[in-house]
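First up is the structure itself, then whatever we jot down about it.
The values are calculated or read from the model by the stated rules, or taken from the named source; none is laboratory data. The structure presented is a predicted model; accordingly, all values stated were derived computationally and were not measured. Note that we place each Cβ from the backbone using ideal geometry, even for glycine, and neighbour counts take in every protein chain shown. Note: accessible area is taken over every heavy atom of the protein model, side chains too, but ligands, DNA and RNA are not part of it. Shrake-Rupley method; radii C 1.70, N 1.55, O 1.52, S 1.80 Å.
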Amino acid sequence: MRILLALDNQSYSAGIIPEVAKLAANTWADITMLGIQSTNASAGLDQALAATMLAHKSSFLAQFTGKDSPYASPAGKEVFSPDNGGWQVGAAPDSSKALNLKVRAGSAIKEIMAEADQQGCDLIILGCSNGADCQWHGETLNLPQKIAKDAGCSVLVIKEQRPTKKIISCLDQSEIQQESLELINQIVTLHDADLKIVGLTGPKGLKKKEDTEKQMAEIQKYYTDRQINAWIKLVEKEGLEAYIAKASNEGMIALWMGKKSMLGKMFSSNLIEKLVANSQSSVLILR
Amino acid sequence: MTDKAQTTILILDDEPIVSKRLKPSLEKKGYEVETFTVSIDAMKRVREKNFDIVITDLKMEGVDGMQFLTEVKSRSPETEVIVITGFATMETAKESFRKGVFDFLAKPFKLGEIADVISRAEKKKQG
């Protein structure tokens, strides 16, 4: 699994490091920590941001104890070197998995999505300011929302540091891709959370309620066979938006918005932005 | 013309879609691939034949992946085992490495990612 961790110099970015480290410890993912400087690359590396990124890396590595970390600690002082128009610090040579630091210059939204595309990332993770605004300080308005809406891969916006005990997974049961189910599995395992699987029923473009129930029962069996507490909730297509708004107070919302997703057709992109902004809990957009 | 033996790979995953994705892609790269969705069948097969590389899921009904990889490494220590799992935990990663696996990949992963790991395992075997 390849994860892009988008970070800035604010406390909400520092605050997500422990959760990301826990996910990395479970999955042995290749990690890139990315910072974006707004000043032009020709002006040189923003030293304050570089120092912040090194501090984020130290904080990440400090979450691992003992000899079992897949990420080796640097032997000496680390220095950013020029890399393809930006700067980077590569993984330590004896590291089992990659832990790279990168700084790119330009528009944060554009650079985060470009880096994720170039690396073939499975997941982008970022934090945001608390409360209903969910912003990145000093950046383009609604950056987390725009990343969640437009990225080519899955996006996890971490909005809280309290434990996630329930994941409400809204998926298009007839079309969801294996990769998205796998990502839900990892997040459920990470939090040791219960899983509520929301299936859609309705007259247009959806299967009959009995067929949906059958499909959902199969999905539930898949999870219960793997010792995960999972239960099913069927929601009428017309009531889904209101249901999701309410459910976001119960736990993390995972919304499958893949290309073939019925949800993608039903939800306007503005609604994803609204969900990310208004949700009390973290939000996982699956693709 | 050189007569180079094909690298043999066994894939065990109880979700058929995993083998369905991997098999054609690896065969295209020149590997000889056998796939299994039932762990007991894969167990029988590794008792008949030593594979160069074994790719196994962990959480499965019957014989689980940890038991399976233990059997593989005990019968054929030179076989490189790659664990792929949808329910990764730090404990399963640590236990896998204690048992001598070559690498541990959490799902989802891209085909290119596992192809890189296979290529590294192959190089290690070739010394």
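So residue A:3 fits all but one of (1) outside any strand (DSSP E or B); (2) within 16 Å of the chain's Cα centre (by Cα); what number is the exception? The number of the failed condition is (1).
Of the listed requirements (1) open to solvent by 40 Å² or more (accessible area, probe 1.4 Å); (2) more than 14 Å from every other protein chain (Cβ to nearest Cβ); (3) modelled with pLDDT of 95 or more, residue B:126 misses just one: (3). Screening A:72, A:50 for residues that are away from every other protein chain (no Cβ under 14 Å) and not in a helix (DSSP H, G or I) leaves exactly one candidate, A:72. Of all the listed residues (A:218, A:210, A:182, A:236), the sole one being of a type in the set (D, E, K, R), out of contact with any helix residue (DSSP H, G or I) (no Cβ under 8 Å at 6 or more places or on another chain) and buried (at least 19 other Cβ atoms within 10 Å of the Cβ) is A:182. Only residues that are out of contact with any strand residue (DSSP E or B) (no Cβ under 8 Å at 6 or more places or on another chain) and among the polar types (S, T, N, Q) were counted in the range A:222-262, giving 3. Residue A:37 passes every criterion in (1) within 27 Å of residue B:113 (Cβ to Cβ); (2) touching a residue at least 40 places away in the same chain (Cβ under 8 Å) apart from (1). Just one of the listed residues (A:222, A:243) is within 14 Å of chain B (Cβ to nearest Cβ), under 25 Å from the mean Cα position of the chain (by Cα) and of a type in the set (Phe, Trp, Tyr), and it is A:222.
Close Cβ contacts (under 7 Å, 6 or more residues apart or on different chains) running from residues in the range A:166-187 that are modelled with pLDDT of 85 or more to residues that are part of a strand (DSSP E or B) and of a type in the set (Asp, Glu) comprise A:166/A:194. Go through the range B:68-113 and give me each residue that's over 22 Å from residue A:68 (Cβ atoms) and within 7 Å of chain A (Cβ to nearest Cβ). Passing the criteria: B:108, B:110, B:112. Looking across the range A:106-144, the residues that are under 15 Å from the mean Cα position of the chain (by Cα) and farther than 18 Å from residue A:277 by Cα come down to A:112, A:113, A:115, A:116, A:117, A:120, A:121, A:122, A:123.
Counting residues in the range A:24-41 that are assigned to a helix (DSSP H, G or I), under 23 Å from residue A:95 (Cβ atoms), open to solvent by 10 Å² or more (accessible area, probe 1.4 Å) and within 14 Å of chain B (Cβ to nearest Cβ) gives one or more. Annotation: residue A:192 fulfils all but one of (1) among the charged types (D, E, K, R); (2) free of Cβ contacts under 8 Å to residues at least 12 places away in the same chain; (3) open to solvent by less than 20 Å² (accessible area, probe 1.4 Å); the unmet one is (3).
Candidates are the residues of the range A:44-54 that are open to solvent by 40 Å² or more (accessible area, probe 1.4 Å) and in contact (Cβ under 8 Å) with a residue 24 or more places away in the chain; the one that is nearest to residue B:117 (Cα to Cα) is A:54.
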